[in-house]
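Structure first, commentary second.
The values are calculated or read from the model by the stated rules, or taken from the named source; none is laboratory data. For clarity, every value in this text was computed on a predicted model and none was experimentally measured. Cβ placement follows ideal geometry from the backbone for every residue including glycine, while neighbour counts extend to all protein chains displayed.
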Ligand SMILES: Cc1ncc(C[n+]2csc(CCOP(=O)(O)OP(=O)(O)O)c2C)c(N)n1
Ligand code: SF4
């Protein structure tokens, strides 16, 4: 039996449920000058969200509050402020278990406070979307941009994408639900950006029409039963596996973990179609490549311009998805490179480590420059790192007035 | 749930496992079964891996029989002994993380209300004393302050049972348990008063050796939570293993504890009383006709 389609019908705000492909690819776009936080609001306006749960933490507080305005206007089914990030993520889980499309946002210490929930979401196959506007998690307390929290999220089983610009953010929020909710994927998505740089700066973003929105979430496309008691009364469990120290118990846990990661793998083809590839390359035939994600990519672009002025040709690989990790794509894009420069906004260099573990001849990787704790990354330090790798002397930045 | 689900697809009857046939033919769905009928119908909870003689199991069994609308009830639990039984019931059991059951239930009950509107879907949290009063304290209290409409049941065995007998906030003062080698230093937490302060519409304390009373409080709590506000039941459900209670003395212990610190108490807010009287015909809550006062 063909399900009855809602496409073409209107929601209570008069928005038309639109085929997502039409909405995202064919519909006219209006250039608009917005902050990243406002862009999140505009994407959510069009995302047919049932439940959003908020908690204040810089730099996502503004976006989370703006979505409250959307709720007041009637665009969102339910919205409230939880009592901590751990509670918020549990509340999000509950709403998703009940078959709702759920959205939330967090950052830095909030991500860490909530951490126990993320592998739980993945294991329970809840396609919640969590925006992560990265900030420092170090002591003493910092609110500044720093991407270290992403390295923790990457091990949770969630899909993890890293937006460079507000435009990425706008498109990926909407596309993210389409990928996450695929029956063969059905996983949560951590959609990350570098706090402040993306959330608090203004940019021109091409928005889809306000009167179009995504079709609502259909919880019966989930690969696991929706907890709404709309199913035959089977006993879902016999002998809770936690009780058993035997092979069947271990095998059950092991195979489920493998299935969660396999589901992330299966998201590849959908993500490639929506995001036009897991990576984006420019001049990847160059000997020298900058390979990174987030706003480090933007700084890389500037460095490439500066170096071009000096006659040094440098290519770029922008990594869009961290989970699934674009292993093949990175290997292919870097196969001719002699120097692979990995600029990062964190102290440990998780991106460089991932790339080293992916490519042959990993000594080609220059794990830097790295800044952290809110330090900016002037393109000049990327230029300097490249020159140093090439054995070209440059005036040090420290010597500058 | 549409009761149509509790039917066989025509032609498939003979292929369904006996367990499933029994659930469809003799289960409680769509019927108003009571604890006095125990033994004459297929129960939603049967097998469980909990310790022999555990009073918690008896309480959970009674509570599930008492659900007023099992075909539309979802349970939420957490780590602890109780989940080992509840997760084997023939109604959904949601597990998030240890101690976050009231957060999960808040989201769940809101999500279900969005999707199903006025059609009641009862959300019932069942969690241990550690899960409720210690690690889950913040989420429990906040769900009450927010007036989330679901029932919270604390299975109070006055100890962390599942991890092998550590002191909890609900342990009585002086008890020597693991992690309290010199005896517990502070009083048993007064969660009942906290429930009152936080605005629960119905609060009761019970022990499992009075099945009809257990049934009565569970029914009221679940019905009130549908429309009026949060409800809280605190049940003494002894841990015979950690407190070394011989299995044949479990009921005797419950009686002693009932007399000592677990007397039956029940608080029903005025709004909840009016609701039970009007909506569900509870005679004891129908306001008495005012006595005519004549003044000379
Ligand atoms: C975050 C976290 N901390 C600790 C545990 C370990 N843990 C599992 S069950 C349990 C004790 C349960 O005690 P209680 O809530 O009183 O329930 P009971 O087993 O006594 O019924 C603990 C501490 C856990 N699962 N998760
Ligand atoms: S440890 Fe105690 S509470 Fe847990 S099942 Fe055994 S007797 Fe019951």
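Considering the range B:27-59, the residues that are without any contact (Cβ under 8 Å) to a residue 60 or more places away in the chain and assigned to a helix (DSSP H, G or I) include one that is farthest from the other protein chains (Cβ to nearest Cβ), namely B:37. Checked against (1) within 13 Å of chain A (Cβ to nearest Cβ); (2) within 13 Å of ligand 2 (Cβ to nearest atom); (3) in a loop (DSSP other than H, G, I, E, B); (4) crowded, with 24+ Cβ neighbours inside 10 Å, residue B:148 passes all but a single condition, namely (2). Assess whether residue B:141 counts as being more than 16 Å from ligand 2 (Cβ to nearest atom), in a helix (DSSP H, G or I), touching a strand residue (DSSP E or B) at 6+ places or on another chain (Cβ under 9 Å) and at pLDDT 95 or above. Considered against the rule, which asks whether it is more than 16 Å from ligand 2 (Cβ to nearest atom), in a helix (DSSP H, G or I), touching a strand residue (DSSP E or B) at 6+ places or on another chain (Cβ under 9 Å) and at pLDDT 95 or above, residue B:141 comes out as no. The set of residues in the range B:93-131 that are farther than 22 Å from residue B:61 by Cβ and more than 7 Å from every other protein chain (Cβ to nearest Cβ) comprises B:98, B:99, B:102, B:109, B:113, B:116, B:117, B:118, B:119, B:120. Out of all the residues in the range B:101-116, is one or more near ligand 1 (Cβ under 9 Å from one of its atoms) and under 21 Å from residue A:53 (Cα atoms)? Looking for residues that are near ligand 1 (Cβ under 9 Å from one of its atoms) and under 21 Å from residue A:53 (Cα atoms), one finds none in the range B:101-116, hence no.
Selection over the range A:275-306 of residues that are within 15 Å of the chain's Cα centre (by Cα) and at pLDDT below 95 gives a count of 0.
For the subset of the range B:5-26 comprising residues that are in a helix (DSSP H, G or I) and at the interface with chain A (Cβ under 10 Å from one of its Cβ atoms), which member is nearest to the chain's Cα centre (by Cα)? By that ranking, first place goes to B:23. Does residue B:71 satisfy the criteria of being under 30 Å from residue A:123 (Cα atoms), at the interface with another protein chain (Cβ under 8 Å from one of its Cβ atoms) and at pLDDT below 90? No: the conditions fail for residue B:71. Here the range B:119-134 is the region considered, the condition is being away from ligand 2 (no atom under 16 Å from the Cβ) and touching a residue at least 60 places away in the same chain (Cβ under 8 Å), and the residue that is surrounded by the fewest Cβ atoms within 10 Å (Cβ to Cβ) is B:120.
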